[in-house]
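The values are calculated or read from the model by the stated rules, or taken from the named source; none is laboratory data. The structure displayed is predicted, hence computed values, not measured ones. Heads up, the Cβs are rebuilt from the backbone with ideal geometry, glycines too, and the neighbour counts pull from every protein chain shown. All accessible areas refer to the heavy atoms of the entire protein, side chains included, with ligands and DNA or RNA removed. Shrake-Rupley method; radii C 1.70, N 1.55, O 1.52, S 1.80 Å.
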Amino acid sequence: MPERRTVALVTLGCARNEVDSEELAGRLAADGWDLVEDASDADVAVVNTCGFVEAAKKDSVDALLEANDLKDHGRTQAVVAVGCMAERYGKELAEALPEADGVLGFDDYADISDRLQTILSGGVHASHTPRDRRKLLPISPAERQGAGEAGKVALPGHAQDTPPADLPDGLAPASGPRAPLRRRLGTNPVASVKLASGCDRRCSFCAIPSFRGSFISRRPSDVLGETRWLAEQGVKEVMLVSENNTSYGKDLGDIRLLETLLPELAAVDGLERVRVSYLQPAEMRPGLIDVLTSTEKIAPYFDLSFQHSAPGVLRAMRRFGDTDRFLELLDQIRAKAPQAGARSNFIVGFPGETEEDVAELERFLAGARLDAIGVFGYSDEDGTEAATYEDKLDPEVVAERLERVSRLAEELTAQRAEERLGETMEVLVDRVDEEDGVIGRAAHQAPETDGQVMIRTDRTFAPGSMVVAKVVATEGVDLVAEPLGDGGCSEEARR
């Protein structure tokens, strides 16, 4: 009997990439590949790259080079790049990085097994020529669903083919005959579900729409089916991800579809929490705020993409809003759910940004009481409008503003954590180990980005447990909490 082929998936970047990796894992497992965790144990190492900003691209290249080194020391015979950086640069990346034995774009995902087998056998699969994926779908959102369902455009994470009738153990179509195959690549009690793909916004600093394409929603039945399947696999928290969740449903004829879908997801047996990520402030609706703040098992969590608060900078970014409107939005949210979590990312040093603009951003941050803040220094991105702007700031100025605003953000988020002293909250246990003890997250904390809760206890809690606890101390943005009663859930904590 021939030795089975082995593959390892190395995932960089955001939660959307994690979903795509699990789809690739599902396709490969269905075709007989053995999935291994360590790239050194794999015949092929597949690196799911990130192509968002310069630092992420460097991390992706480093990961590819590290995997390539394994060819001299372990079982690994081939290294293949997939994901956003591979899609964005295609042949250019292949020529600049000969250490990668293959560079595969999104169009290759449906045939990933054949592509890897060709490369493993010493063959060559031509790297694709990058193209603007916004032009692949109709301009009118209402006409996009047909193009996607017909398989004319590759949409990672969307249903586009019929999975095999007989699937290996631990592998299932996430939702009936229309859904992509998916194989979990870990046992974490939280998993992401792709709500949509692409983006129709035209932010002047962002290249994502050019390589992820125009916005297209997944059908509610597919999202529900995948969520049910994940719950059957032991997942306790589902995080809905896309480039812009507030646009969900606009191409399905109902811009308020998310408000309808969320209570259905919350009712899935076995789930303890549903979290919605990446919300556009300009698209927030009173009805959506109501659902997010009042539905049991829906986290009152607002991942709002502010980016800045000075009106002039926002207009140059081709975005909307200002400090006072953003603060008003946060006030509306907290009037309905005082304990609601709020986070955002910001860019400093944008072309034309003045000291007055930075002061305005600092005014907003001081009043916003955000639980988590990400600050990035501006850098030109290939193919974006902002890269053509003439009023660029000196790198030293950008670096100084980045350090200054980052320092303020660290102070403010630590203060916000202290405001939560005495709060009672539900903590989902992520992991338990000898060194760190019981570690979990409250409703205001998304995985990996927003801090964590360290549960001070002598009790035994398994990952996936929901523990009602009271915050007794803070360590920067992290919280220290003690369980209440028997550690069970309470209606008070859910609010």
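What is the percent carbon and sulfur in the accessible area of segment 141-419, measuring with a 1.4 Å probe over the protein chains and ignoring ligands? Each step should come with its number before you reach the end.
On the way: 5290 of 10740 Å².
Ligands and nucleic acids excluded, carbon and sulfur give 49 percent.
Expressed as a whole number of Å, what is the distance separating the alpha-carbon centroids of segment 1-73 and segment 345-410?
33 Å
Counting DSSP beta bridges with both partners in segment 141-419, what percentage is antiparallel, nearest 5?
So the antiparallel bridges amount to about 15 percent of the total.
For segment 141-419, just say rounded, prolate or oblate: build the C-alpha gyration tensor, square-root its eigenvalues into a ≥ b ≥ c, call rounded for a/c under 1.5, and beyond that prolate if a/b exceeds b/c, oblate if not. Provide the component values of the computation, followed by the final result.
On the way: a/c = 2.06, a/b = 1.52, b/c = 1.35.
Since a/c reaches 1.5 and a/b is larger than b/c, the shape of segment 141-419 is classed as prolate.
Let me make sure I get this right: for segment 423-483, a, b and c are the square roots of the gyration tensor eigenvalues over alpha carbons, sorted descending. Under 1.5 in a/c it's rounded, otherwise prolate if a/b > b/c, else oblate. Which is it? Walk me through the intermediate numbers first.
Details: a/c = 1.30, a/b = 1.19, b/c = 1.09.
Cα axes put segment 423-483 in the rounded bin.
Classify segment 290-422 from the C-alpha gyration tensor, please: rounded if a/c falls under 1.5, else prolate or oblate depending on whether a/b exceeds b/c. Walk me through the numbers on the way to the answer.
Numbers: a/c = 2.34, a/b = 1.77, b/c = 1.32.
It comes out prolate by the Cα gyration axes.
Place a +1 charge on the Cβ of each Lys and Arg in segment 256-399 and a -1 charge on the Cβ of each Asp and Glu, then give the dipole magnitude about the Cα centre in debye, rounded to the nearest 20. Walk me through the numbers before you get to the answer.
Details: 15 positive and 27 negative charges, 161 e Å.
For segment 256-399, the charge dipole is close to 780 debye.
D for the chain, whole µm²/s, Stokes-Einstein with Kirkwood Rh over alpha-carbon pairs at 4 °C and 1.567 mPa s: what number?
Values: Rh = 23.7 Å.
Answer, rounded: 55 µm²/s.
If you count only protein heavy atoms with a 1.4 Å probe, what accessible area per residue comes out for the chain, rounded to a whole Å²?
Value for the chain: 41 Å² per residue.
Along the charge dipole of segment 141-419, pointing to its positive end and built from +1/-1 on Cβ of Lys, Arg, Asp and Glu, which listed residue (Thr413, Cys199, Ser379) has its Cα farthest out?
It is Cys199, whose Cα lies furthest towards the positive end.
Quick check on my link table: of Lys135/Lys392; Lys58/Lys152; Lys152/Lys194; Lys135/Lys250; Lys152/Lys250, which ones sit more than 23 Å apart, alpha carbon to alpha carbon? Write down the numbers at each step before the final one.
On the way: Lys135/Lys392 30 Å; Lys58/Lys152 32 Å; Lys152/Lys194 19 Å; Lys135/Lys250 18 Å; Lys152/Lys250 20 Å.
Too far apart for the 23 Å limit: Lys135/Lys392; Lys58/Lys152.
List the aspartates and glutamates whose Cα lies under 12 Å from the Cα of Lys336, skipping any in the same chain that are fewer than 8 positions away.
Result set, ordered by chain and number: Asp290.
I want the antiparallel fraction of DSSP beta bridges within the chain, as a percent rounded to 5. Walk me through the intermediate numbers first.
Working: 23 of 63 bridges.
So the antiparallel bridges amount to about 35 percent of the total.
Only bridges whose two residues both fall in segment 182-309 count here: according to DSSP, what percent of them are antiparallel, nearest 5? Present the calculation step by step, with values, prior to reporting the outcome.
Numbers: 2 of 13 bridges.
Around 15 percent of the beta bridges assigned by DSSP in segment 182-309 are antiparallel ones.
Among Gly341, Val358, Ala154, pick out the residue whose Cα is farthest towards the positive end of the charge dipole of segment 141-419, where Lys and Arg carry +1 and Asp and Glu carry -1 on C-beta, about the Cα centre.
Positive-end residue among those listed: Ala154.
Given an 8 Å cut-off on Cα distances and at least 6 residues of separation, report the relative contact order of the chain as a percent. List each step's numbers first, then the result.
Values: 1050 pairs, mean separation 47.1, N = 495.
Relative contact order comes out at 10 percent.
Which value in deg cm²/dmol, rounded to the nearest 500, describes the helix-derived mean residue ellipticity at 222 nm for the chain, given -39,500 (n - 2.57) per DSSP H run of n ≥ 4 and division by the residue count? Mind dumping the intermediate values first?
Details: 15 runs with 159 residues, N = 495.
Here the helix-only value at 222 nm equals -9500 deg cm²/dmol.
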